[in-house]
Ligand code: MG
């Protein structure tokens, strides 16, 4: 038995429904708008906008509607150039929970994820505190602003230390999945802190396409689905800028304490200086320490091992 499925607009759906109205019975499968039966074809229209033609006559019946369905789908694709997750144009002045992460590209130091709620009424105060895109702020300024921020707005901060990071990574978890889980958890924490205070939306600084983000969260018990995604979201709403500052503050503080513990200034990023510092650690303190201080799967590990070997000779 052949089956053809078309996706149509509401107006075409109504036309199809009217066209088969005499053949429409009372039976209505779950999620459907109507079920019509003619001698050699069953036609089911669904609320989702899909129409299913089943039976010998399906080709003939579907053909009548195919061209309008095709035209409509093309128009729809034009209307939604980016994705359905884009924030509204007036988001800047709304009350938003934003989230961002820091440290994911750093060989040394943890991954930190923060979510923060900024009520529209607090926007002027945050601007006064100096909250803006952290790309334009020095580490010292970030620390200063963050110390004020954490007493000013509801937030959640999660730190994934490298020991745990390596454990998850070696068990087969991707960094993207770790990020998604931490963002989702931080957002849930902030919503819980709000105790029912109304907000206009949630904005995630986009690190994966939305489909992939939600696939990462497929096994989580609680997933916040009503979210916006935007790249460079720190510039889209102050809540993401605030989250980013808090996450960076935490990353910097963690780095300070790692430096103190190990007695070396650990460089940021994942460049040559990082290889050198890691080689020094291997040579002077032993390679086992890398597990605690670094993201082991980065290429830096192999480079540092080589450098340390060369230093011996
Ligand atoms: Mg980000």
Folded to 0 to 90 degrees: helix 238-262 orientation relative to the chain principal axis, Cα: 40
Ratio Rg/Rh, restricted to segment 196-238 and using Cα atoms, in which Rh is the Kirkwood radius: 1.00
Centroid-to-centroid separation of segment 96-164 and segment 242-294 [C-alpha atoms, Å]: 20
Using alpha carbons only: equivalent-ellipsoid semi-axes of segment 1-129, gyration tensor based, whole Å: 50, 18, 15
226, 139, 211 arranged by Cβ crowding within 10 Å, fewest neighbours leading: 226, 211, 139
Tilt relative to the chain, helix 300-312 - C-alpha long axis, 0 to 90 degrees, to 10: 20
Computed helical MRE - 222 nm, the chain, DSSP H runs ≥ 4 contributing -39500 (n - 2.57), nearest 500: -14500 deg cm²/dmol
Least to most buried among 215, 232 (fewest other Cβ within 10 Å first): 232, 215
Gyration tensor (alpha-carbon) shape descriptor, the chain, a/c threshold 1.5: prolate
Surface/4 of the Cα convex hull for segment 31-77, nm²: 3.4
Cβ-Cβ FRET estimate between residue 32 and residue 127, R0 fixed at 51 Å, reported to 0.05: 0.50
Sorted largest first, extent of segment 188-289 alpha carbons per principal axis (Å): 53, 26, 26
Least to most buried among 183, 297 (fewest other Cβ within 10 Å first): 297, 183
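Each value in this text was obtained by applying a stated rule to the coordinates, not by laboratory testing. Note that the structure is predicted; figures quoted are calculated from it, not measured. Every residue, glycine among them, receives a Cβ derived from its backbone with ideal geometry; neighbour counts consider all protein chains shown.
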